[in-house]
Amino acid sequence: MIKKVQTDIVIVGGGVAGLWLLNRLRQLGFSTILFESNVLGGGQTSKAQGIIHGGTKYALQGAFTDAAQAISEMPAVWKKCLEGTGEINLTNVPVLSAYQYLFSTSKFTGKLAGFLASFVLKGNVKSLEKKDFPEVFQHSKFQGLVYALNEVAIDVHALIRELAKPFYDFIFKIEPLKENDLEMDDAGRLTKLEVQNVLGETIEVQAQKYIFTAGIGNEMLVQKFKNKKIRTQRRPLHMVIMKTEYSYPVFAHCLGLTATPRITITTHKAKDGKFVWYLGGQLAEEGINRNSKTQIEFAKKECEDLFPWLDFSNATFASFLVDRAEPLQSGGMRPDTAMFEEIENVIAAWPTKLALAPKLAEGICNSLVHANIKSSFAGASALKNFPHPVCAIPIWDEML
Ligand SMILES: Cc1cc2nc3c(=O)[nH]c(=O)nc-3n(C[C@H](O)[C@H](O)[C@H](O)COP(=O)(O)OP(=O)(O)OC[C@H]3O[C@@H](n4cnc5c(N)ncnc54)[C@H](O)[C@@H]3O)c2cc1C
């Protein structure tokens, strides 16, 4: 006979969304367990550049869009957590840079400059004098402008570890959920969820709510639904990592001709102590049709173009493709904010940005409280043979 475990809430998927939510729900007294089929953060989260966007990047299109509005509260929420006074204690998560810098290659004027000036007035953006430029822009050959955006960059891998720590005993590794592990009735009510460990032991899990924060894994759930309210999209990126000999970090968006920065650079320390530049932005969006060799050549040329005073001949490169998993938007556009859809006892959720994980958790917690989900005490002893998943390691330590 199949063993059963009963709990208030089950979360499937241990990226930033699932882990943040686990913390919040447990703090609220809900008996909650999280299942992860791989390593914690091993989907999109460990590939994130770690920028806690405040919306300025989105505002580059010249208007304060919904996306910019939704995300503008996020730096303050994270700041509190990083200082130890927020909803989750993240004092052990290193801030890699207090600012993300925005630079132009020349001294531009016009609408954009005026627009940025309005942000300067609001205090979200600081226009810098040459003496205050970050080290990489101190060279005489740099002729552009630099703004400091009020957006920190954090160590994502430390974040995953810190989010997993408080309730690690309630996080279990399972074999990837397959369609026939779930049963739903015609209304879309989940009537059965079975999880399996690596030894093939199967447990039936009964909960009041089942929350799917499985990133790309949410697609399987959506297919299972007869209800077509929820649909998904993927937006691919071709990211590049470059190990340099330079001993200073670079955290910068380069202004391009479109709303997406021409390149977005963050810097991370590899396990050999060297700095890795992690390159995204337009380079990654438009690079999806280039093969790895061409993408790396393109990235190297971009770096040589933008930083002609630096020498990249000894740098080592790698590139990889990764999909952003999101709810479907018209025209495949970027969603404006964190989103979740609730059908009967199932919630499918997407933060759409690492920075928006607290907003997603807040929305779901409010919805559960309104739905009058009762918190109860439930043990997870039936899961004693299920191991706890480890945390993802940085992609540069895997590839470079
Ligand atoms: C290259 C890149 C850079 C980014 N940079 C930033 C940034 O700087 N700032 C920012 O705010 N956002 C950034 N983002 C967006 C951000 O990373 C994502 O929005 C966020 O990490 C999504 O988190 P998640 O928990 O929903 O999904 P994921 O991190 O993908 O987690 C889903 C988890 O579910 C598990 N899973 C999947 N299927 C199953 C299954 N069947 N059974 C059990 N478990 C399953 C996976 O193994 C995974 O661990 C970036 C995204 C990418 C791709």
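With respect to Ile241, is the statement that it is free of Cβ contacts under 8 Å to residues at least 24 places away in the same chain, part of a strand (DSSP E or B) and under 30 Å from Glu302 (Cβ atoms) true?
Working: free of Cβ contacts under 8 Å to residues at least 24 places away in the same chain: no; part of a strand (DSSP E or B): yes; under 30 Å from Glu302 (Cβ atoms): yes.
Taking the combined requirement at face value, the residue does not satisfy it.
Select from the range 161-197 the residues that are β-branched (Val, Ile, Thr) and at pLDDT below 95 and list them in ascending order.
Within the range 161-197, the first condition is being β-branched (Val, Ile, Thr), and the residues that meet it are 171, 174, 191, 195.
Once the filter is applied, which keeps residues that are β-branched (Val, Ile, Thr) and at pLDDT below 95, the range 161-197 yields only Thr191.
In this structure, does Arg290 turn out to be assigned by TED's automatic domain parsing to the domain that holds Asn218 and either over 21 Å from the mean Cα position of the chain (by Cα) or within 14 Å of the ligand (Cβ to nearest atom) (or both)? Explain how you work it out, then say what you get.
Numbers: assigned by TED's automatic domain parsing to the domain that holds Asn218: no; either over 21 Å from the mean Cα position of the chain (by Cα) or within 14 Å of the ligand (Cβ to nearest atom) (or both): yes.
So Arg290 fails the test.
The rows are residues; the columns are (1) aromatic (Phe, Trp, Tyr); (2) at negative phi.
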residue: Trp277; (1), (2): yes, yes
residue: Ile288; (1), (2): no, yes
residue: Asn291; (1), (2): no, yes
residue: Phe298; (1), (2): yes, yes
residue: Phe312; (1), (2): yes, yes
residue: Phe320; (1), (2): yes, yes
residue: Gly331; (1), (2): no, no
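Report, by residue number, each residue of the range 187-202 that is within 14 Å of the ligand (Cβ to nearest atom) and either assigned to a loop (DSSP other than H, G, I, E, B) or farther than 12 Å from Val346 by Cα (or both).
Residues satisfying the conditions are Glu194, Val195, Gln196, Asn197, Val198.
Mind checking which pairs have a first residue in the range 29-46 that is in contact (Cβ under 8 Å) with a residue 12 or more places away in the chain and over 16 Å from Pro176 (Cα atoms) and a second that is small (Gly, Ala, Ser) and surrounded by 20 or more Cβ atoms within 10 Å (Cβ to Cβ), Cβ under 6 Å, 6 or more apart or different chains?
Gln44/Gly215; Thr45/Gly15; Ser46/Ala392
Could you go through the range 372-392 and let me know if any residue there is surrounded by 13 or more Cβ atoms within 10 Å (Cβ to Cβ), in contact (Cβ under 8 Å) with a residue 24 or more places away in the chain and of a type in the set (D, E, K, R).
Among the residues of the range 372-392, not one is surrounded by 13 or more Cβ atoms within 10 Å (Cβ to Cβ), in contact (Cβ under 8 Å) with a residue 24 or more places away in the chain and of a type in the set (D, E, K, R), which makes the answer no.
Kindly list, by first and then second residue, each pair from a residue in the range 318-331 that is of a type in the set (Lys, Arg) to a residue that is outside any loop (DSSP other than H, G, I, E, B), limited to pairs with Cβ atoms under 7 Å and residues at least 6 apart or on different chains.
Between residues of the range 318-331 that are of a type in the set (Lys, Arg) and residues that are outside any loop (DSSP other than H, G, I, E, B), the close pairs are Arg324/Arg234; Arg324/Arg235; Arg324/Leu237.
Scan the range 282-295 and report the pairs whose first residue is more than 22 Å from Ala252 (Cα to Cα) and whose second residue is within 13 Å of the ligand (Cβ to nearest atom), with Cβ atoms within less than 7 Å and a gap of 6+ or a chain change.
Final answer for the pair search is Arg290/His238; Ser292/Ser319.
Among the residues of the range 275-314, which ones are surrounded by 18 or more Cβ atoms within 10 Å (Cβ to Cβ) and among the aliphatic types (A, V, I, L, M)?
Val276, Leu279, Leu283, Ala284, Ile296, Ala299, Leu306
Within the range 219-229, identify whether any single residue is crowded, with 21+ Cβ neighbours inside 10 Å and either free of Cβ contacts under 8 Å to residues at least 24 places away in the same chain or touching a helix residue (DSSP H, G or I) at 6+ places or on another chain (Cβ under 6 Å) (or both), and answer yes or no.
As a first pass, look at the range 219-229 and keep what is crowded, with 21+ Cβ neighbours inside 10 Å: 221.
Those left that are additionally either free of Cβ contacts under 8 Å to residues at least 24 places away in the same chain or touching a helix residue (DSSP H, G or I) at 6+ places or on another chain (Cβ under 6 Å) (or both): none.
No, the range 219-229 contains no residue that is crowded, with 21+ Cβ neighbours inside 10 Å and either free of Cβ contacts under 8 Å to residues at least 24 places away in the same chain or touching a helix residue (DSSP H, G or I) at 6+ places or on another chain (Cβ under 6 Å) (or both).
Do the conditions hold for Ala357, that is, is it at pLDDT 95 or above, under 29 Å from Val152 (Cβ atoms) and not β-branched (Val, Ile, Thr)?
Values: at pLDDT 95 or above: yes; under 29 Å from Val152 (Cβ atoms): yes; not β-branched (Val, Ile, Thr): yes.
In short, yes.
Among the residues of the range 21-40, which ones are within 8 Å of the ligand (Cβ to nearest atom) and not polar (S, T, N, Q)? Steps first, please.
Keep residues of the range 21-40 that are within 8 Å of the ligand (Cβ to nearest atom), which gives 35-40.
Hits for the range 21-40 are Phe35, Glu36, Val39, Leu40.
Listed here are the residues, each with its yes/no results for (1) modelled with pLDDT of 95 or more; (2) part of a helix (DSSP H, G or I).
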{"residue": "Gln49", "(1), (2)": "yes, no"}
{"residue": "Gly55", "(1), (2)": "no, no"}
{"residue": "Lys79", "(1), (2)": "yes, yes"}
{"residue": "Gly86", "(1), (2)": "yes, no"}
{"residue": "Asn92", "(1), (2)": "yes, no"}
{"residue": "Leu96", "(1), (2)": "yes, no"}
{"residue": "Phe108", "(1), (2)": "no, no"}
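Take the residues in the range 161-186 that are of a type in the set (Lys, Arg) and surrounded by 15 or more Cβ atoms within 10 Å (Cβ to Cβ); name whichever of them is farthest from the ligand (Cβ to nearest atom).
Filtering the range 161-186 for residues of a type in the set (Lys, Arg) gives 161, 165, 173, 178.
Among the residues that remain, those that are also surrounded by 15 or more Cβ atoms within 10 Å (Cβ to Cβ) are: 161, 173.
Details: Arg161: 14, Lys173: 9 Å.
Per the stated criteria, the residue is Arg161.
Within the range 133-140, is there a residue that is in contact with a strand residue (DSSP E or B) (Cβ under 7 Å, 6 or more places away or on another chain), surrounded by 16 or more Cβ atoms within 10 Å (Cβ to Cβ) and outside any loop (DSSP other than H, G, I, E, B)? Don't jump to the end; show me each part of the working.
Filtering the range 133-140 down to residues in contact with a strand residue (DSSP E or B) (Cβ under 7 Å, 6 or more places away or on another chain) leaves 133-134, 137.
When the remaining residues are screened for being surrounded by 16 or more Cβ atoms within 10 Å (Cβ to Cβ), the result is 133-134, 137.
Remaining after also requiring outside any loop (DSSP other than H, G, I, E, B): 137.
For the range 133-140, residues in contact with a strand residue (DSSP E or B) (Cβ under 7 Å, 6 or more places away or on another chain), surrounded by 16 or more Cβ atoms within 10 Å (Cβ to Cβ) and outside any loop (DSSP other than H, G, I, E, B): present.
In the range 257-306, what residues are under 21 Å from Gly55 (Cα atoms), among the β-branched types (Val, Ile, Thr) and at pLDDT 95 or above?
Step one: of the range 257-306, the residues under 21 Å from Gly55 (Cα atoms) are 257-267, 278-285.
Checking which are among the β-branched types (Val, Ile, Thr) leaves us with 258, 260, 263-267.
Scanning the range 257-306 gives Ile263, Thr264, Ile265, Thr266, Thr267.
Has the range 215-237 got any residue that is assigned to a loop (DSSP other than H, G, I, E, B) and either near the ligand (Cβ under 10 Å from one of its atoms) or modelled with pLDDT of 95 or more (or both)?
Taking the range 215-237 first, the residues assigned to a loop (DSSP other than H, G, I, E, B) are 225-231.
Still in the list and also either near the ligand (Cβ under 10 Å from one of its atoms) or modelled with pLDDT of 95 or more (or both): none.
No, because not a single residue in the range 215-237 is assigned to a loop (DSSP other than H, G, I, E, B) and either near the ligand (Cβ under 10 Å from one of its atoms) or modelled with pLDDT of 95 or more (or both).
Quick one: which of Pro389, Pro327, Pro335, Pro394 is at negative phi, touching a helix residue (DSSP H, G or I) at 6+ places or on another chain (Cβ under 7 Å) and within 14 Å of the ligand (Cβ to nearest atom)? Break it down stepwise before answering.
Details: Pro389 fails: touching a helix residue (DSSP H, G or I) at 6+ places or on another chain (Cβ under 7 Å); Pro327 fails: touching a helix residue (DSSP H, G or I) at 6+ places or on another chain (Cβ under 7 Å); Pro335 fails: touching a helix residue (DSSP H, G or I) at 6+ places or on another chain (Cβ under 7 Å).
Testing whether each residue is at negative phi, touching a helix residue (DSSP H, G or I) at 6+ places or on another chain (Cβ under 7 Å) and within 14 Å of the ligand (Cβ to nearest atom) leaves just Pro394.
If you scan the range 317-360, which residues turn out to be hydroxyl-bearing (Ser, Thr, Tyr) and either in a helix (DSSP H, G or I) or more than 12 Å from the chain's Cα centre (by Cα) (or both)? Steps first, please.
Residues of the range 317-360 that are hydroxyl-bearing (Ser, Thr, Tyr), as a first pass: 319, 330, 337, 352.
If the condition is that a residue be hydroxyl-bearing (Ser, Thr, Tyr) and either in a helix (DSSP H, G or I) or more than 12 Å from the chain's Cα centre (by Cα) (or both), then Ser319, Ser330, Thr337 are the ones that fit.
The values are calculated or read from the model by the stated rules, or taken from the named source; none is laboratory data. Small disclaimer: the values here were computed from a predicted structure and weren't measured. Reconstructed Cβ throughout: ideal geometry from the backbone, glycine too, with neighbour counts over all protein chains shown.
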